[in-house]
There are 2 protein chains.
Amino acid sequence: MSSFYPVMLRLEGKKVVVVGGGKVAERKVSGLLESGAHLTVISPEATAAIQRLAGEDKIVWQQKLFSVEDIQDAFMIFAATNDRQLNQLVKDCADDQQLVTIADDPNESNFHLPALFKRGRLCIAVSTGGASPTLARKIREQLEQQFDESYVAYMDFLFSKRQWILEEVKDASLKKRLLTAIVSLDSLNSESREKDFQRLYKELDSEAGTLD
Amino acid sequence: MSSFYPVMLRLEGKKVVVVGGGKVAERKVSGLLESGAHLTVISPEATAAIQRLAGEDKIVWQQKLFSVEDIQDAFMIFAATNDRQLNQLVKDCADDQQLVTIADDPNESNFHLPALFKRGRLCIAVSTGGASPTLARKIREQLEQQFDESYVAYMDFLFSKRQWILEEVKDASLKKRLLTAIVSLDSLNSESREKDFQRLYKELDSEAGTLD
């Protein structure tokens, strides 16, 4: 058995096409909104939510039947109609390099979506490789409890500190030690993490100085 | 800020090209071995491990400098040399639909790899969106403890039961209840999970019968 290979895609500015306008298509669209992709829905009919998003110019809704030109130049394609034959046709029209998935038909898809949750920049994805989507969701819920809302600000803190370290700290060894040490600061819920970081930096910096 | 979009790729039979033959390339290659991809390494030199894999016909090693034809028809490309300009060239040679990543340069990549671990079919992936790869690894290690080796057999059990249910159970409502119920069996470490499943099936089946 070949196993699935998880990647984090950067979809910013990429053309993503969802064929279908029902509840399944709507779920795919809402999962894609934050990705920065150029989202197009192809369907003669669409749910109220899809219509609203199109009205707000967050997505494009082409109110039409599917035709092969619709997926030209698409980076990623979701065949998400309730018509199996049409879904298969969409997939058959895609070329070998395009990412294409048929809702509920993993064997005909070259990618599938894991169960996932986000806490700001933190993203945890769970897949059971077809063994049990129910268990994947259950584990996702368990991890959501474990990694709570406090991670949102913590991730922003780590992000800004890492950027600062990468730009400002020239000494390679000090850089490495700092990047490791900020995670050990135990500052997930600390009000003083900014101060703690400054102290840590001074400590490591003066140590590095002594070693020179 | 646009956020990354996690997907599970099916790489079976796909052409995947790793440009570079050093330690970084080696790590990418070993992470790809189980995916079923057709793996090609392009590099004048290669680590012992890459050479061994090529000798065992698990990958193809083309002992040469990179040229644009090397990535033609590739589904996925890793620019993993220690030469930033060459990595950038590889990326520039890729077309817009190809998945391409430059090691250590997320801004120039259209995907990146999360920290991840597998327990048989279970796969959990952690990404911090550039905030802290160190924290991503730390969380990965924590989850590895939490989801231990016993999940391997458990996932196989769930997989085979789900296949059986999808094929054998005709009643849609019974099917749905069974798929939910097997996860609640609390059979992660149970020696009697096969028996428990048979009992559960009989129970739900006879209930469904009464309701008809």
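The values are calculated or read from the model by the stated rules, or taken from the named source; none is laboratory data. All of these numbers come straight from a predicted model, not from anything done at the bench. Using ideal geometry, Cβ is built from the backbone for each residue, glycine included, and neighbour counts are taken over all protein chains shown. Just the protein is used for accessible areas: all its heavy atoms, side chains included, with ligands, DNA and RNA removed. Shrake-Rupley method; radii C 1.70, N 1.55, O 1.52, S 1.80 Å.
Structure notes:
- Mean projected area of the convex hull spanned by the Cα atoms of the stretch B:69-212, taken over all viewing directions: 13.0 nm².
- Interface A-B: total buried accessible area of about 6200 Å², 1.4 Å probe, protein heavy atoms only.
- Inter-copy spacing of A:Leu166 label points, which lie 7 Å from Cα along Cα→Cβ, given in nm from shortest upward: 4.0
- Only the Cβ atoms of Lys and Arg (+1) and of Asp and Glu (-1) were treated as charged; on that basis the dipole of the stretch B:74-161 about its Cα centre amounts to roughly 400 debye.
- Scattering from the stretch B:79-152 was approximated by placing one identical point on each alpha carbon and applying the Debye formula without solvent; log10 I(q)/I(0) at 0.14 1/Å stands at -0.58.
- Ranking A:Asp70, B:Asp156 by solvent-accessible area of protein heavy atoms (1.4 Å probe, all protein chains present), from largest to smallest, gives B:Asp156, A:Asp70.
- Largest GNM mean-square fluctuation across A:Leu116, A:Leu99, A:Leu158, computed for chain A with C-alpha springs under 10 Å, falls on A:Leu158.
- 1.4 Å probe accessible area per residue over the stretch B:150-211, in Å²: 61
- Legend: translational diffusion of the protein assembly as shown by Stokes-Einstein, Rh = Kirkwood radius over C-alpha pairs, 37 °C, 0.692 mPa s; D = 138 µm²/s.
- Percent carbon-and-sulfur accessible area, the protein assembly as shown, ignoring ligands, DNA and RNA, probe 1.4 Å: 47
- With a 10 Å cut-off around each Cβ of A:75-83, the average count of Cβ atoms from other chains is 1.
- Minimum 50 Å² accessible area buried by the other protein chains, the stretch A:105-131 residues, probe 1.4 Å, relative to alone: A:Asn110, A:Arg121, A:Ala125, A:Ser127, A:Ala131
- Ratio Rg/Rh [Cα only; Rh per Kirkwood] for the stretch B:150-211: 0.97
- Think of the protein assembly as shown as a dipole: +1 on every Lys or Arg Cβ, -1 on every Asp or Glu Cβ, centred on the Cα centre; then among A:Gly120, A:Thr81, A:Trp61, A:Gly120 lies furthest on the positive end.
- Helices meeting the span-like rule in chain A (full DSSP H runs, Cα extent of at least 15 Å along the helix axis, mean Kyte-Doolittle score of -1.0 or higher): A:150-168, A:172-184.
- Average partner coverage of A:31-37, which counts Cβ from other chains inside 10 Å: 3
- When only Cα pairs below 8 angstrom with a gap of at least 6 residues are kept, the stretch B:150-211 shows a relative contact order of 36 percent.
- Relative to the compact-globule estimate of 2.2 N^0.38 Å, the Cα radius of gyration of the stretch A:15-113 comes out at 0.95.
- Chain B - mean residue ellipticity at 222 nm from DSSP helices (-39,500 (n - 2.57) per run, n ≥ 4, rounded to 500): -14000 deg cm²/dmol
- Take A:Trp164: with every protein chain present and a 1.4 Å probe, its accessible area is about 90 Å².
- For chain B: relative contact order, % (alpha-carbon pairs under 8 angstrom, 6 or more apart): 13
- Computed over the stretch B:1-49, the ratio Rg/Rh where both radii use C-alpha atoms and Rh is Kirkwood: 1.07
- Pseudo-label separations to other copies for A:Asp104 - Cα-to-Cβ vector, 7 Å, nm: 4.8
- Net charge dipole size for the protein assembly as shown [Lys, Arg +1 and Asp, Glu -1 on Cβ; Debye, nearest 20]: 540
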